[in-house]
Amino acid sequence: MRARRTFLALAALPFAMAVVAGCAEGTNAAAPKLPERTCFGVFSRSDLDPLMGNGEEVKEVGPIDMRLTAERRGATCNVDVDGKGRFLASATRQPLEQSFFWNPEMIRPAPDELALGDRGLVYDTGARVVLTCKGTKDVFQLELSLSGSIEHMKKGESRPLFTKLMTKFLDVAKEQTQCGS
């Protein structure tokens with residue numbers, strides 16, 4: 001009798017494991033663990049959490065700062081979760097004679113004006129700002145750009161988030177790029 005119970009228990013084991021595995025496949029992974037500070041040291045874990053979604057592995061690629069000069073004209077930071085792009089922050093510096101061109105008519109739904117810098121836009125998946133800077137050696141323009149994956153956010157929450165993120169990004173960018181605007 002005891003041998004029969006052992007046999008039945010062993011026979012049922014593969015079925016029980018399949019059921020448990022099936023349940024595990026149906027669940028979402030937990031939210032990924034972001035570093036305490038990301039992207040040039042600007043953003044905190046809680047700042048970017050709404051854009052991350054679920055996943056296991058977070059990978060941040062980019063320089064430690066955005067100290068731009070006439071020689072180092074750009075810096076970009078990417079944050080991926082399980083190989084999928086979730087957030088991008090970039091800063092680009094160029095001479096004053098050149099200008100950044102944006103075509104807001106191409107953005108759908110239409111962007112809102114953002115009262116930051118010389119000119120700014122916020123849209124559902126990001127924000128951009130251009131400002132004129134008076135550096136120690138020259139005058140230059142600085143473009144800041146943010147974009148992110150909003151698939152895990154409720155409708156209407158992304159523009160306020162990108163406005164908050166851009167405000168923070170602009171403050172740190174002015175300091176790191178020595179923009180005395």
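For the reader, a short list of remarks on this structure follows.
- Search result, residues across the stretch 116-129 that are under 21 Å from Gln94 (Cα atoms) and surrounded by fewer than 20 Cβ atoms within 10 Å (Cβ to Cβ): Asp118, Arg119
- Test: Glu113 is of a type outside the set (Val, Ile, Thr) and open to solvent by 70 Å² or more (accessible area, probe 1.4 Å): yes
- Residue satisfying condition, being farther than 20 Å from Ser46 by Cα, polar (S, T, N, Q), within 19 Å of the chain's Cα centre (by Cα) and surrounded by 12 or more Cβ atoms within 10 Å (Cβ to Cβ), within set Thr177, Thr132, Thr76: Thr76
- Restricting attention to the stretch 137-181, the residues that are farther than 14 Å from Leu68 by Cα and not in a helix (DSSP H, G or I) add up to 14.
- Of the criteria (1) closer than 20 Å to Phe43 by Cα; (2) touching a residue at least 24 places away in the same chain (Cβ under 8 Å); (3) open to solvent by 20 Å² or more (accessible area, probe 1.4 Å), which one Met166 fails: (3)
- Among the conditions (1) free of Cβ contacts under 8 Å to residues at least 40 places away in the same chain; (2) crowded, with 20+ Cβ neighbours inside 10 Å, the only one that Leu142 does not satisfy is (1).
- Residue within the stretch 28-47 that is closer than 18 Å to Met153 by Cα, at pLDDT below 90 and open to solvent by less than 20 Å² (accessible area, probe 1.4 Å) present: yes
The values are calculated or read from the model by the stated rules, or taken from the named source; none is laboratory data. The structure presented is a predicted model; accordingly, all values stated were derived computationally and were not measured. Positions of Cβ are backbone-derived with ideal geometry, glycine not excepted, and every protein chain shown enters the neighbour counts. Heads up: the accessible areas ignore ligands, DNA and RNA and are worked out on the full protein's heavy atoms, side chains in. Shrake-Rupley method; radii C 1.70, N 1.55, O 1.52, S 1.80 Å.
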